1. Keeping to segment 130-150, report how many residues are closer than 18 Å to G114 by Cβ and crowded, with 21+ Cβ neighbours inside 10 Å.
2. Working only within segment 133-155, note down all residues that are small (G, A, S) and not in a loop (DSSP other than H, G, I, E, B).
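Just so it is clear, none of the values below were taken in a lab; they were calculated from the coordinates. Remember, it's a predicted structure, so these values are computed and weren't measured experimentally. Note that each Cβ is placed from the backbone with ideal geometry, even for glycine, and that neighbours are counted across all protein chains shown.
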Amino acid sequence: MIKPTYDMKKLILLLFIPLVFACSSDDDSQGNNTSPSGPTQIKFTLEKIWSESLFFDDSNTQALNSCYDDNSLIYYHTTSQLHNTYGIGTGGESLNHFSLDTLSLTMSNPNLDGYNITTLNSAGQESTVNPQYIGHIELNGFDSNHKILILKGFLEYQWNNQIEYFSSNVSDAFLNSLVYDVNGLECPTNQDPNIFIKSTMDFNSLKLVEHTVVFDELNDNINIGNMVGYTMSGTGVENWKPFGEGWNGDFNPNFLVVNKEYIY
């Protein structure tokens with residue numbers, strides 16, 4: 001038997017080296033041709049759109065004589081503005097999550113005693129729904145002699161006939177010292193500190209919602225800054241985008257997209 005010489009071993013090794021590199025190159029080529037998979041889901045962070053802020057003063061309220069024959073007790077009357085802007089009694093309040101960004105009341109007329117903010121519908125009757133939440137209550141020009149009147153019986157029983165708020169420029173004690181239940185729609189009866197309740201909830205947790213949906217063309221077309229909500233469909237709202245798959249009736253009201261994240 002002829003033993004391989006050193007030169008023959010060297011030749012065999014040289015012949016195998018290109019073969020090994022060729023196989024390695026083929027493996028790398030196959031790996032490079034594998035395209036990464038695209039996103040399978042999209043996680044959106046949405047902000048609930050509450051009703052716009054309401055500001056009441058001499059310019060957008062009417063004086064209302066009440067209770068006494070000598071007209072000594074006079075209040076600003078705000079019900080029509082609450083109806084028209086907040087949408088009370090029209091069905092529009094549900095689109096804004098039954099909530100109001102800011103309620104601002106300014107006492108600028110020394111002859112007036114306060115505000116009647118009882119919520120009515122357009123027929124002057126009990127409203128369908130009052131705000132469940134108010135982000136901020138701003139009182140300007142009020143002192144301890146002023147009153148805020150509201151007919152507690154018109155407030156929604158499922159919310160314990162109360163309105164939760166999150167902040168104010170006055171203390172909770174001072175705000176509630178001004179609040180009176182009313183007889184009918186005009187005359188103050190009992191002082192009631194249990195109508196406006198300072199919320200203990202986290203504001204951002206209430207306002208922000210995260211929702212994950214399947215990746216599809218319609219969902220991918222929804223971007224930060226867009227407005228979404230089933231009830232906006234066909235309303236001509238600027239910057240509104242339709243939903244793709246994976247949404248439900250919880251998203252009938254109005255939302256603003258504040259974040260978008262792809263999930264792979």
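1. Residues in segment 130-150 being closer than 18 Å to G114 by Cβ and crowded, with 21+ Cβ neighbours inside 10 Å: 5 in total.
2. Passing the criteria: G135, G153.
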